[in-house]
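A short write-up of the structure that comes next.
The values are calculated or read from the model by the stated rules, or taken from the named source; none is laboratory data. Predicted model, so just to flag it, every value in this text is computed and none were measured. Virtual Cβ from ideal backbone geometry, glycine too; neighbours counted across all protein chains shown. Surface areas here come from the heavy atoms of the whole protein model, side chains and all, with no ligands, DNA or RNA. Shrake-Rupley method; radii C 1.70, N 1.55, O 1.52, S 1.80 Å.
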Amino acid sequence: MIAPKYKTAPLRIWPEAKALRKKFYDEYLNPAGLHIAACSTTSFAPFAGLGRDVYILASEPYGATISTHSDFSLQCLQATDSANLGRDLCSYQRNYYGSLVLDKFAHPDGVFDKFPRTDLHFSFATSYCNAKWHQLASEHQKLPLYLVDMPSVFPHYKKRTIDYVVTQMLDGIEWLEKTTGRKYDDELFIEAVHNECESYRVWADICVFNQNIPAPLDEKTMFSLYVLNALAPHRHETVGFMHKLKDEVGERAEKGIAAVPYESARFMSEAIPPWPFLKIWRYMEEEFGAVCIGSSYTFALTGCWKLDDKGDFVVVETPREKGLDIRTREDALRALIEYRLHWCMDSMYVAGVTKYTATKAMARQWKVDAAVIHLNRGCPPQGLTGMQVKLALQEAHIPVFTYEGSNADARDFNYAATLNNFEAFAEQLGLPRLKK
Amino acid sequence: MTADKLTALVDSRHQYAREWKKRTGGKVIGYLCTYNPEEIVYAAGALPVRILGAHKPSDLTEKYVTSTNMCPFMRDCLSQGLAGDYDYLDGIVMAQTCPHGFECFHIWDEYIPRNFSYFLRVPISSQNPGRFEYLQGEYADFKQALEKWLQKEITDEALDRAIEVYNHNRTLCRKIYEFRKNDKPPVTGLEAMEMILSSQTTDKAEHSRVLEELLKELPDKKVERETGTRLMILGSVNDDREFMRIVENELSIPATFVIEEHCTGSRYFWNDVTPQKDRLMALAIRYMHRPPCPAKDWPRRRRWPFISHLIKEYRAQAILLMNQKFCQPHEYDNFFLAKALAQEGIPHYSLEFDITLSTGLKTRIEAMLETMLEVV
């Protein structure tokens, strides 16, 4: 039996995280207010200008929520298959579409009859997937649709990229006013921009704590924490939560409180995890004492980063930290878009030197011993980059384990085979089992 | 027969490119997607050639990308690159459309390096406000990069000439396609595909001379084959000539592809560049207004009215909805199109393509013709 090296303790803020996530889902069930469906790669700050009673159903987190209700997820996927929607499409979207077709809603508390009212679809499209998803969903629900082309261009974005997105957003905000009949409040919008950027910034700071040995957080826990930024980063509740979380994680880092007391190895992962099978993370921890410190997905889905002159993966300053004077709608849009165009959200799905350079930098800075890569068939753009990430890490002499799966279609994952193969990998790394 | 010349051009496209280089001293730049503004490359004195697959199984790509989620066409293109079939390319360009193309481009750039490589950012939407200015700016950067590499200016006059050459080729293609509306089309689907594939891999001015010859032959051409069912095929990039040949020549029930809607067909040449003082803006407008790839066809659907128009004009009796396996943009759209076609009462059938053809395709299409159209 191996002895633990570090002290550990549960996260004190955990119940608050769960309660806040539930609150955001409960709000969407509220028949009052304005209900908007949007991909979580969308900036939600602009919706705040429509009032304080705007509730957002973030598409991908909702798809992930469905997949954690295994029976319901299977029904949704089968409904989508029966409707002849392509099997190779985003597995989140196939769950989501099935939920619409079945007219049922997956909530953290269970599955409810009747999909809640949606008033319109408004989404960023960092890839055609986001766009076609909402195009199909809005057609099914017979709802108005606005889509913003958000180029994934980091680090090559120029002023014209920002101009392009701002032009669309200005048009989009007018469209929102016309479609909802609401007068847009620029002050609420500016407040939300600062909130959103701050939520993202603080999450990124929290991720940096995991460079610490021992890592104060494990990635499975981080999945339940970043999601608040995916659901409502523009809300003051989320900003407040992220600051509290940062304080607690900082304290853990300072006191050497580990997420996994053995920390026999530090792994990084890659890609959206197979949500129905997060127990793999616990398996790595409980069988081999390994901690997973995070991934480009966990860090950058709701955090903004860049590569500095030294080639380090570092957090980007918010508009407020840069001292930007935001007074008008256009000021706010420019600041927001410039911030979001950093290595964030869908930039990580896009192939290219930047992604692989950043991944290698992460492995170095977060002191990673090995990588566990999900070759994710459920997210086509992401799945395509898996082998390139593997090659990049191997070039940096990081051992890599790959497994095929899907982020939200449990049928596309062989749990037993994956564990078998992982055990062989762990043996090769010389990781002893914790228990005989 | 001139159609045979077009077949030969496709068959010998690598040899053609090598000989073109020797003959002209120019550079050859491969491209993966037809959102590439070929006119700019042509104006630079280079030859843009579309990279195509060879339809032979290969495991060369497995190390770089899993075959369990990459578009077979892009995987096939990448295989050809890794096998050295495109060693004559001086450069490669990818106009942003789908992640499969981007991944292929990235791997090519990393592992089959050329002297010039460029990822051209193209708006993901072909409809949103600000797209023309954005794309015009990206074209300006692309033009500058080409000028720097080639050490020569791409003048307005060169752009004008390139636009004229390309518009002329498109006009000829459209004129030839008019003949496909005939009761007995003198151009089969396979021949039309070879016409477009050869256009994408040949100097456009030279290609136009072949098309002019073909146009002279078509009015008097005796059509001995039975037209049979008038088919339309639409969907992902399709360079599978064997498939077209099987459907048009080997089915027990005669059929002819009278029209198609994909980027080795009508989408490639349907609209012209309308010249204007700002040449790059003229190109941006043309490429944003062209019949869209589904990856760019949002928020409104512009493809469906175009497809609907083609069905009526070419009197298509049945539609084959194809997509390359893992081609998500077309999987999304084929779902919508199947419903739209069903609402119109138009027989249709969905097919997935891979690098090589599955043995059951012929039977499936015959069954479709028998059951949907009651031709037997």
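Just a few scattered comments:
- Tally, over the stretch A:360-416, of residues that are in a helix (DSSP H, G or I), within 14 Å of another protein chain (Cβ to nearest Cβ) and among the polar types (S, T, N, Q): 4
- Of the criteria (1) open to solvent by 20 Å² or more (accessible area, probe 1.4 Å); (2) of a type in the set (A, V, I, L, M, F, W, C); (3) within 9 Å of chain A (Cβ to nearest Cβ), which one B:ALA83 fails: (3)
- Residue in the stretch A:96-108 that is buried (at least 24 other Cβ atoms within 10 Å of the Cβ), among the hydrophobic types (A, V, I, L, M, F, W, C) and touching a Phe, Trp or Tyr at 6+ places or on another chain (Cβ under 7 Å) present: yes
- Check on A:MET169, crowded, with 23+ Cβ neighbours inside 10 Å, more than 9 Å from chain B (Cβ to nearest Cβ) and in contact (Cβ under 8 Å) with a residue 60 or more places away in the chain: yes
- Filter result (assigned to a strand (DSSP E or B) and among the small types (Gly, Ala, Ser)) within the stretch A:217-270: A:ALA258, A:ALA265, A:SER269
- Extreme residue, farthest from the chain's Cα centre (by Cα), among residues of the stretch A:136-152 that are under 18 Å from A:TYR97 (Cβ atoms) and of a type in the set (S, T, N, Q): A:GLN141
- Tabulated pairs, the stretch A:412-436, first closer than 18 Å to A:LEU278 by Cβ, second open to solvent by 50 Å² or more (accessible area, probe 1.4 Å) and in a helix (DSSP H, G or I), C-beta under 9 angstrom, 6+ apart or interchain: A:TYR415/A:LYS279
- Check on B:GLU62, within 14 Å of chain A (Cβ to nearest Cβ), under 24 Å from A:ARG87 (Cα atoms) and either charged (D, E, K, R) or not in a loop (DSSP other than H, G, I, E, B) (or both): yes
The rows are residues; the columns are (1) open to solvent by 20 Å² or more (accessible area, probe 1.4 Å); (2) within 8 Å of chain B (Cβ to nearest Cβ).
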| position | (1), (2) |
| --- | --- |
| A:GLU139 | yes, yes |
| A:PHE189 | no, no |
| A:PHE209 | yes, no |
| A:LYS220 | yes, no |
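- Qualifying position, being aromatic (Phe, Trp, Tyr), farther than 22 Å from B:TYR166 by Cα, open to solvent by 30 Å² or more (accessible area, probe 1.4 Å) and within 14 Å of chain A (Cβ to nearest Cβ), among B:PHE102, B:PHE73: B:PHE102
- For the stretch B:254-370, the strands (runs of 3 or more DSSP E) that sit wholly inside it and include 3 or more residues that are under 30 Å from A:ASP81 (Cα atoms), away from chain A (no Cβ under 14 Å) and open to solvent by less than 20 Å² (accessible area, probe 1.4 Å) are B:255-261, B:318-324.
- Pairing each residue of the stretch A:241-257 that is touching a residue at least 40 places away in the same chain (Cβ under 8 Å) and buried (at least 18 other Cβ atoms within 10 Å of the Cβ) with any residue that is part of a helix (DSSP H, G or I) and of a type in the set (Ser, Thr, Tyr), provided the two are 6+ apart or on different chains, yields C-beta distances under 6 Å for A:MET242/A:SER199.
- Of all residues in the stretch A:81-95, those that are of a type in the set (A, V, I, L, M, F, W, C), open to solvent by 10 Å² or more (accessible area, probe 1.4 Å) and more than 21 Å from the chain's Cα centre (by Cα) total 1.
- A:ASP113 more than 10 Å from chain B (Cβ to nearest Cβ), over 21 Å from the mean Cα position of the chain (by Cα) and at pLDDT below 95: yes
- B:TYR134 vs. criteria open to solvent by less than 10 Å² (accessible area, probe 1.4 Å), at pLDDT 95 or above, at the interface with chain A (Cβ under 8 Å from one of its Cβ atoms) and assigned to a helix (DSSP H, G or I): yes
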